[in-house]
1. Please give the helix B:2-28 orientation as an angle from the longest Cα principal axis of chain B, in degrees from 0 to 90, rounded to the nearest 10.
2. Separation between the A:Lys7 and B:Glu126 pseudo-spin-labels, each 7 Å from Cα along Cα→Cβ, expressed in nm?
3. Name the long-range amide H neighbours of A:Val270: under 5 Å, sequence gap of 5 or more, or other chain; modelled H, no Pro or chain starts.
4. GNM, chain A, Cα, under 10 Å: largest mean-square fluctuation among A:Phe89, A:Phe151, A:Phe34?
5. Who wins for biggest fluctuation among A:Trp105, A:Trp205, A:Trp81 in a Gaussian network model of chain A, springs between alpha carbons below 10 Å?
6. Quick one: net charge of A:Asn161's neighbours, Cβ under 14 Å, K/R +1, D/E -1?
7. Each residue of segment A:68-79 in order: what ³J(HN,Hα) in whole Hz does its phi give by Karplus 6.51 cos²θ - 1.76 cosθ + 1.60, θ = phi - 60°, with x for Gly and Pro?
8. Using a 10 angstrom cutoff on alpha carbons, build the Gaussian network for chain A and name the most mobile of A:Ala95, A:Ala39, A:Ala286.
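The values are calculated or read from the model by the stated rules, or taken from the named source; none is laboratory data. Remember, it's a predicted structure, so these values are computed and weren't measured experimentally. Glycine gets a Cβ as well: all are built from the backbone with ideal geometry, and neighbour counts include every protein chain shown. Remember, those area values only see protein heavy atoms, side chains included, never the ligands or the DNA or RNA. Shrake-Rupley method; radii C 1.70, N 1.55, O 1.52, S 1.80 Å.
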Amino acid sequence: MNRIPLKGGKDVQNHSDRFRLVRYASYFIGFLLFYSPAALVLRFFSGLDGKHLIGNLCDSLNLRMGVGGLLSIDRWQAMDWTLGQVSIFVVMAVALILGPLFCGWLCAAGAFTEFVGRLVPDRWKIDVAGKVDAGAVRYGFLAGYLSLPFFGTGIGCSFCNFRVLEYIGLGVGSGFLPALTSTYIVVTLLWLVAGGMFMKGGRGWCVFLCPVGGIQNAMHAIGARLPFTAKMRYRPENCRSCGNCVEVCPMRAIAPAADGDWQTSGGPGVRISLNTCIACAQCSAACPHGALGYGFGPLAKPASATLPAREAARS
Amino acid sequence: MVTALAVAIGFALPVAAGHYGRGMSGREAAKASLAFPGPPGKPVTVDLAAFGGLKKTLQPWHFRIFVSVANKTAGPRRVGVRVEGCALFFDWVVRDYTWEADARAVAEPIPPGGKLTLYLFTEVPEELRGQPIYCDGRIVAFAPETGELLTALPLRVVNGIADGAAHEHHHDGALHVH
């Protein structure tokens, strides 16, 4: 397991590593809640219905399918909503007010590749932080995904990383490698190998190709601008531009800011993309100066928002 | 300009994936739909020669069959499912219901209008791979209490053999499912 080297001494390193373990524990709870064979959420709702079924994510509680149906005219006309379709509204509402917490704390499919990615040395990985407009690709993908009913097609199941994770679980549990179709092989290569093992942070699939994450961040990008919502809050006055947050962010949502954007305690500071931040707060745990934290309140305003401040910084 | 290009690339990806997936799913993932009472469903033929390039390269001998059994009677019914006349060894993953492996049936009754859905996973064993036909049998749904046949569907697994030819090679091998 590769350790991400941080500045600020052993305490900062240990705190960040312990926090990561807490996050992984939370994702494991997410696995038990949403994935077969446990799928406790589905069991709970099935139990209410008197069926006491063995849980299975797909068809019943697959958020991808919920997203895929948002623009389906037939579904709105029928108003016949499954648990998964209703759940996507809950997830969206949470993202609007509290941030994309499903991604940041419960989605085992995203956490799995983040974990596996740490087995590969960073020097073999692509780092997209600050180099690629991930939000543009991500929202483009989301728009395409939502438009699929109009093209007479869909990728709800054939390109599902949730399902592939279930297959991996079934394979480990039974000792039998499940048969994958070409589409699942593509997903495995993109989600687990290219986006997981060989992309820094291990969440390449989440960053570019997950419609569930995309729709949450779309809500978050709106909600975070409201002063009463929760989000990762940046305090530039505490920031010394050590770069720890940039290093540990699994979504590569933090990048060094341009000179003059912030009035910091040293260096240019950082910028957080609301289009990819999943509020996992790993950056906060790695910051030795208290410059980042999850909480309610307004976003910090960049110094560059006012012309005199920008000019002062340049001079 | 760069942002617009990135959005366009992002938009094109799911559309292209949707069309690719639709083309592949019919060839690589078989579906068997059974219902009782009712007419027999469409026979299922898995042709390994029709698999896509990726599948042929990485998993040429593995495939799965999605099976659904619909209860169209007026009352709840327990249902058993087995594969007959097929020398392939299938792993079963039964969705949503408790599966009693000894009885080859679900523990809970399927409600009227409800469906039992399951996956059959298999790998063609090495000793069979040189043959043109791996399986020429049927998927059977039965009542576990009485053994009564509820419905059945022909199942053939071939490697580039036309439908007519497949009928001439009957496998009467023992049942190897579990």
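1. 30
2. Label at A:Lys7, label at B:Glu126, 5.7 nm between them.
3. Counting only residues 5 or more places away or on other chains, the set is A:Ala257.
4. Taking springs between Cα atoms under 10 Å, the residue moving most is A:Phe151.
5. The residue that fluctuates most here is A:Trp81.
6. Values: positive: A:Arg64, A:Arg163, A:Arg203; negative: A:Glu114, A:Glu166.
Every neighbour counted, the sum reads +1.
7. Along segment A:68-79, the couplings run x, x, 4, 9, 7, 4, 4, 5, 5, 5, 6, 6 Hz.
8. A:Ala39
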